[in-house]
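S.K.: The structure under discussion is supplied below as structure tokens; questions concerning it will follow.
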Amino acid sequence: MLNGKEIVLIISGGIAAYKSLDLIRRLKERGARVIPVMTSGAQEFITPLAVGALSAETVFTDLFDRQAEHDVGHIRLARDHDLVLIAPATANLLAKFALGIADDLATSILLATDKPVLAAPAMNPKMWQDPATARNVETLKDRGVVFCGPASGEMAERGEAGVGRMSEPLDIAAAAAAIFRNTAQQTRDRPLAGRHVLITAGPTHEPIDPVRYIANRSSGKQGYALAQAAAEAGARVTLVAGPVSLPDPENVDVVHVESAAEMLKAVESALPADIAIMAAAVADWRVASAGAQKIKKDRNGKPPALELEENPDILSTVGHDPKLRPSVLIGFAAETQDLVANALGKLERKNADWILANDVSPATGIMGGDANTIRLVSRDGIEDWPEMGKTEVARRIITRAAEALAARS
Ligand code: C5P
């Protein structure tokens, strides 16, 4: 069904234009609003008056209509609706569309639109078979244009038959409905299509000297699973990863870093993002002046004094910078005691939307293991999730983050 859908119907100049009048009726019967655009050729076959009467809408014909262009008319026509349908699509219009020529309103809309385009070609069979037309159709298909027909049968020209007749209005309406069904399915399957998700994962290594470092325990498994799940949900994903021994996930831009300072720099250059999930176990301190040479053992058995300084808090830095902060910002809290109180403190201090808290006491086996038990702590309350595999946890977090993002944008 086409309930509530807004369809820009481009009618170009061919004898099949008379069938567009029936097409308008069929689309409207199915609940669509039809906004007609006619080329000058189309007006040789049917009148804007008839099209306007059937659609009950203003018929757009001119690129330089003062009234409409006042509001960047062709751009609005191209963008503000749900589908651009060309019926009939002549060989000439398809050729111009394929080449990117925009010398009238119809072709300007086609060049400017970011919406699905459905074309119902109608032309003489020889024109359809011509290699020039075939190449144009291939080009347009590669660009994602969907074709309905042409059908075969008698032509308007006496004695001619073959492939070139415009598809019947009912078939064109069905093709339009199928496009909306597919798009709806894609939105369900790939809720993060067109979005950018940034994830930090793994530990950081803070050098003491060229061979020694301070680190946190972290396998990176949960962060890597999150990157994978975000990519599967259709997002462009940047994964900023500390040193781990995991293969790079597919379809993810991985930036490998060592220290917290490098991680912060990589995060800042990867932003902006729609969602950021900071799953890295960043070392809280680094050695104030890491030795350029390996520190030698003292013969008298006296260990070197290591002066530590605090690392930047990446989550907090991003959370408090309005220019950097993604719409949805999520942190983790790995704790061995006072899980919820600590998580709530972090939520506020770091200005995150959620803190995913997990008890990492050695007895839980979460560290380095494949399962995780999460408590989602947000300003709306606390949710306890049952124990799940890290892949399952990741999918659930990504689904919830996508919902939160959709609710905010
Ligand atoms: O304060 P704590 O380290 O427990 O906070 C954990 C959360 O903050 C995690 O999401 C972690 O990735 C993030 N974090 C950070 N930079 C730090 C320390 C923690 O991004 N220097």
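The values are calculated or read from the model by the stated rules, or taken from the named source; none is laboratory data. Nothing here was measured: the structure is a model prediction, and the numbers come from that model. Cβ coordinates were reconstructed from backbone atoms using ideal geometry, including for glycine residues, and neighbour counts include every protein chain displayed. Ligands, DNA and RNA are excluded from the accessible area calculation, which covers all protein heavy atoms including side chains. Shrake-Rupley method; radii C 1.70, N 1.55, O 1.52, S 1.80 Å.
S.K.: How tilted is helix 169-189 with respect to the longest principal axis of the chain? Cα atoms for both, answer in degrees (0 to 90, nearest 10).
M.R.: 0 degrees
S.K.: Let me ask something else about it. Run the numbers on segment 144-207 and let me know its relative contact order in percent, using alpha-carbon pairs under 8 Å that are six or more apart.
M.R.: 20 percent
S.K.: To the nearest 0.05, what FRET efficiency results for LEU49 and ARG79 with a Förster distance of 30 Å applied to their C-beta separation?
M.R.: Rounded to the nearest 0.05, the efficiency is 0.65.
S.K.: Normalise the Cα radius of gyration of segment 6-189 by 2.2 N^0.38 Å (N = residues in it) and let me know the number. Mind showing how you got there, number by number?
M.R.: Numbers: Rg = 15.5 Å, N = 184, 2.2 N^0.38 = 16.0 Å.
Segment 6-189 yields a ratio of 0.97.
S.K.: List the equivalent ellipsoid semi-axes of the chain in whole Å, largest first, each obtained as the square root of 5λ for an eigenvalue λ of the Cα gyration tensor.
M.R.: Details: eigenvalues 721, 91, 72 Å².
Working from the Cα gyration tensor, I get semi-axes of 60, 21, 19 Å.
S.K.: Please list ARG379, ARG26 in order of solvent-accessible area, largest first, computed with a 1.4 Å probe with all protein chains present.
M.R.: ARG379, ARG26
S.K.: Could you do me a favour and compute the accessible area per residue for the chain, 1.4 Å probe, result in Å²?
M.R.: Accessible area per residue: 50 Å².
S.K.: Still on this structure: Give me the percent of the accessible area of segment 99-171 that comes from carbon and sulfur atoms, probe 1.4 Å, all protein chains in place.
M.R.: Ligands and nucleic acids excluded, carbon and sulfur give 52 percent.
S.K.: Give me the percent relative contact order of the chain, please, defined on Cα pairs under 8 angstrom at least 6 residues apart. Could you put the intermediate results ahead of the total?
M.R.: On the way: 838 pairs, mean separation 43.3, N = 409.
So the answer I get is 11 percent.
S.K.: Sort the following peptides by mean Cβ neighbour count (other Cβ atoms within 10 Å, averaged over residues), highest first: 249-257, 88-96, 181-189.
M.R.: Packing order, densest peptide first, comes out as 88-96, 249-257, 181-189.
S.K.: In debye, nearest 20, what is the charge dipole magnitude of segment 6-189 about its Cα centre with +1 on Lys and Arg Cβ and -1 on Asp and Glu Cβ, if you could check?
M.R.: On the way: 19 positive and 23 negative charges, 78 e Å.
Taking the Cα centre of segment 6-189 as origin, the dipole is about 380 debye.
S.K.: Would you please classify the overall shape of segment 196-408 from the alpha carbon gyration tensor, given that a ≥ b ≥ c denote the square roots of the eigenvalues, rounded means a/c under 1.5, and beyond that prolate means a/b larger than b/c while oblate covers the rest?
M.R.: prolate
S.K.: Which whole-number percentage describes the relative contact order of segment 196-408, with Cα contacts under 8 Å and a sequence gap of 6 or more?
M.R.: 20 percent
S.K.: Now for a separate question. Shape call for segment 253-342 from the C-alpha gyration tensor, a ≥ b ≥ c root eigenvalues: rounded (a/c under 1.5), prolate (a/b greater than b/c) or oblate? Spell out each step's value before the answer.
M.R.: Values: a/c = 3.02, a/b = 1.80, b/c = 1.67.
Prolate.
S.K.: Looking only at the chain, where both bridge partners belong to it, what percent of the DSSP beta bridges are antiparallel (to the nearest 5)?
M.R.: 35 percent
S.K.: Suppose each label sits 7 Å from its Cα in the direction of the beta carbon; what would the MET388-ASN300 distance come out to in nanometres?
M.R.: According to this spin-label approximation, the distance is 5.8 nm.
S.K.: Taking the full set of protein chains and a 1.4 angstrom probe, give the accessible area of GLU268 in square angstrom, rounded to the nearest 10.
M.R.: Roughly 80 Å² of GLU268 is accessible to a 1.4 Å probe.
S.K.: Another one. Are any of the pairs LYS221/LYS294; LYS5/LYS115; LYS115/LYS141; LYS115/LYS323; LYS323/LYS350 more than 23 Å apart by Cα-Cα distance, and if so, which?
M.R.: Check vs 23 Å cut-off fails for LYS221/LYS294; LYS115/LYS323.
S.K.: Using 0.36 nm per residue of separation minus the Cα-Cα distance, give me the extension gain between ASP142 and GLU29 in nm, one decimal.
M.R.: 37.5 nm
S.K.: How far is helix 390-408 tilted, in degrees, relative to the longest principal axis of the Cα atoms in the chain, given as a value from 0 to 90 rounded to the nearest 10?
M.R.: Rounded to the nearest ten degrees, it is 60.
S.K.: With the dipole of segment 75-214 worked out from charges on the C-beta (+1 for Lys and Arg, -1 for Asp and Glu) around the Cα centre, which of ASN136, THR200, LEU77 lies farthest toward the positive end?
M.R.: THR200
S.K.: Where does helix 17-29 land angle-wise versus the long Cα axis of the chain, in degrees 0 to 90, nearest 10?
M.R.: Roughly 50 degrees, rounded to the nearest 10.
S.K.: Using a simple spin-label model with points 7 Å from Cα along the Cα→Cβ vector, what separation in nm is obtained for ALA56 and HIS256?
M.R.: According to this spin-label approximation, the distance is 6.4 nm.
S.K.: Which of the three applies to segment 9-103, rounded, prolate or oblate, going by the alpha-carbon gyration tensor with a ≥ b ≥ c and a/c under 1.5 meaning rounded?
M.R.: Details: a/c = 1.43, a/b = 1.10, b/c = 1.29.
It comes out rounded by the Cα gyration axes.
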